[in-house]
Structure formats: C-alpha cells, structure tokens
1. With the Cα gyration tensor of region 86-143 in hand, convert its eigenvalues to equivalent ellipsoid semi-axes via √(5λ) and list them largest first in whole Å.
2. For Arg69, Arg134, Arg247, what's the largest-to-smallest order of accessible area, 1.4 Å probe?
3. Could you pull out which residues in region 56-92 have an amide N less than 17 Å from a spot 7 Å beyond the Cα of Gln273, following the Cα-Cβ vector?
4. Just the number, please: percent antiparallel of the DSSP beta bridges in the chain, rounded to the nearest 5.
5. Can you run phi through the Karplus equation (6.51, -1.76, 1.60; θ = phi - 60°) for region 44-61 and list ³J(HN,Hα) in whole Hz, with x for Gly and Pro?
6. For the chain, what ratio Rg/Rh do Cα atoms give with a Kirkwood hydrodynamic radius?
7. Near Val30, within a Cβ-to-Cβ distance under 14 Å, what is the net charge of the other residues, with Lys and Arg +1 and Asp and Glu -1?
8. With a cut-off of 8 Å between alpha carbons and a minimum separation of six or more residues, what is the relative contact order of region 18-93 in percent?
Amino acid sequence: MDPLLDEGNKFGLGDLLAIVAAVKEEINPVLKSGKFSSLDGPDGTLSYEGQLASGASAIIIASGMGKERSEAATQWLVRQHNPTLIVSVGFGGGTKPAVDTSTIVISTSVSILKGSPLEWSLPVDLESIEADARWAGVARMSVELNGIDFAHGPIITVPIVTRSPGMKEWLGGKFGVYSVDLESYWIAKVATDASIPFLGIRVIVDSVDMTLPELVSQMPDTPSGGRTGKAISYALKNPRNISELTRLGRTSSRAGARLAEFLAAFASDFHNQTAPTMNPT
C-alpha cells in the first residue's frame with residue numbers, strides 16, 4: 001500500500017469528494033451554497049469540511065498558488081483522508097477563441113510546460129496525465145443536463161501567469177489545450193501517484209482576447225490576504241488600467257458563481273454514483 005494512504009479516510013466514508021483550489025476567491029460561492037466549517041488542515045492553507053448543496057460530503061482546500069503549495073495540500077489530503085476523487089478547480093485562462101469567459105473546461109488530460117517562455121518555443125515533449133475517464137464522463141453529463149456552457153479537452157499548467165492574448169493563443173494552437181493554469185498538473189501528479197482518481201476543472205476568467213493587468217503577476221501566492229489593498233494601490237498608480245481591473249472583477253464574479261453551479265450539479269451526480277445500493281427486503 002502507498003504510505004500516503006496509511007491513515008485512511010478519517011471521515012469513515014467511501015464517497016468523500018476532495019476539492020483543491022488555489023485561492024479563496026475561487027471557492028467562496030461554493031462555501032456559501034453548502035454547509036461548511038473550518039478544518040484544521042495543512043499549514044498555510046484555508047481548509048473546510050462539510051457538505052455541498054447536494055448533500056455530498058466534501059473537503060475543500062484553498063492551497064495557495066503554484067507547485068509547492070498545491071502539492072503539499074494534495075499530499076495532506078491523500079495522507080489524512082484518502083478521498084474517492086480529487087478535483088482541481090479554479091479560474092483559468094482561455095486559449096481558444098471559442099472558449100469564452102465563464103465556460104467550464106472539463107479536462108481530458110493535464111500537462112506541464114516547464115521553464116521560461118523563452119524556452120517554450122523549443123521542441124518539447126509535454127509530460128501529461130490523463131484525467132479519470134469515468135468522472136470526466138459524469139462531469140460532462142452534469143453540465144449537459146444543467147445547461148452549463150462547457151468545453152471538454154486538455155489543460156496545461158505553466159509556472160507563471162499567462163497575461164497576454166498572444167501567449168494564450170500560442171499555447172492553444174501549439175498544444176491544443178483549452179485552458180492554462182498554475183496548479184492542475186501538480187495536483188494530478190500527487191493524486192495519480194496515490195492511485196486516486198483525478199479530474200481537472202477550470203472556469204475561464206480571462207478569455208483568449210483579454211490582457212490581464214500586470215497586477216495579477218504581483219499578487220501574493222497565499223490563499224487569501226492582500227489582494228484588495230494591492231488592487232486599490234495599483235488602480236491609484238495606474239488609472240488608465242482601471243477598465244482592465246473592472247472587467248476582470250466582473251468576469252471573476254461570474255466565474256465563481258458558475259463554478260459553484262457546476263460543483264453543485266457534479267457533486268449531486270457524484271453522490272448518486274457512489275451511494276451504496278440498498279437491497280430490497
């Protein structure tokens with residue numbers, strides 16, 4: 001047995017859904033729509049346990065941004081709770097013209113692109129991890145039955161925020177991906193190494209034609225704190241870019257609501273798929 005699984009599922013359940021996001025902004029609407037309480041999770045995270053709106057048991061962690069934080073949070077989940085499924089969720093950048101803001105991207109696979117943008121144009125063999133086909137199918141059923149706009153395709157993880165339309169379009173064209181983020185691959189790697197099914201879900205917050213403000217690259221990598229103050233300071237120093245911030249604020253708000261809508265639908269189907277069958281007496 002994998003040593004990470006020694007302690008087992010502390011809930012004593014076989015149908016525990018684990019959700020890993022980067023920052024609390026992404027999961028706030030999800031937390032508000034369910035019944036959650038704070039959990040004593042790994043250091044440096046915001047962790048919650050409880051039930052989604054559908055009644056499915058879940059642990060939700062905002063790990064912070066990037067490789068180290070998302071890996072550490074997922075390792076803790078595996079070691080302490082041995083969930084049935086680990087889902088990486090959050091905001092992503094669109095890399096295809098047809099993938100608009102608030103679109104849910106259901107991963108077929110997640111890949112990692114290492115190094116700096118200067119190295120990305122060199123010949124490269126992507127390291128990829130396939131998403132769990134069963135749960136990807138359930139996710140697709142959830143969005144189709146609930147009329148949620150979606151795309152089903154590969155996602156790519158990179159080490160830096162992809163701000164420019166040109167770079168996002170290039171990633172979509174060269175690698176055929178539908179969304180770009182900073183964490184999905186690392187969460188998938190930990191889950192796969194522990195033989196736990198993985199699914200990557202991104203909701204598009206900046207479409208391929210949007211330029212992200214420079215401020216986005218300057219945000220702290222912690223799960224919360226410091227963002228509002230930095231945004232105000234940035235707006236005061238860069239008044240010509242206020243329209244970019246305003247647009248990003250609107251798309252972020254809609255994306256968070258859409259992610260909550262998706263997770264409510266998906267968690268209900270997850271619960272139905274994993275609930276024990278009662279034998280008639």
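The values are calculated or read from the model by the stated rules, or taken from the named source; none is laboratory data. What you see is a predicted model; the values in this text were computed from it and never measured. Neighbour counts are summed over all protein chains in view; Cβ atoms, including those assigned to glycine, are modelled from backbone coordinates with ideal geometry. Just so you know, the surface numbers come from the protein's heavy atoms only, side chains and all, with ligands and any DNA or RNA stripped out. Shrake-Rupley method; radii C 1.70, N 1.55, O 1.52, S 1.80 Å.
1. On the way: eigenvalues 125, 51, 18 Å².
For region 86-143, the ellipsoid semi-axes come out as 25, 16, 10 Å.
2. Values: Arg69 70, Arg134 125, Arg247 100 Å².
Accessible-area ranking of Arg69, Arg134, Arg247, largest first: Arg134, Arg247, Arg69.
3. Hits in region 56-92 for Gln273 at 17 Å: 56-59, 83-89.
4. Details: 19 of 44 bridges.
Antiparallel bridges: around 45 percent, rounded to the nearest 5.
5. x, 10, 10, 10, 9, 10, x, 10, 6, 4, 7, x, 6, 6, 8, 10, 10, 10
6. Details: Rg = 18.3 Å, Rh = 19.0 Å.
Result for the chain is an Rg/Rh of 0.96.
7. Values: positive: Lys24, Lys32, Lys35, Arg258; negative: Glu25, Glu26, Glu49, Glu261.
Surrounding charge for Val30 is 0.
8. On the way: 124 pairs, mean separation 30.2, N = 76.
Result for region 18-93 is 40 percent.
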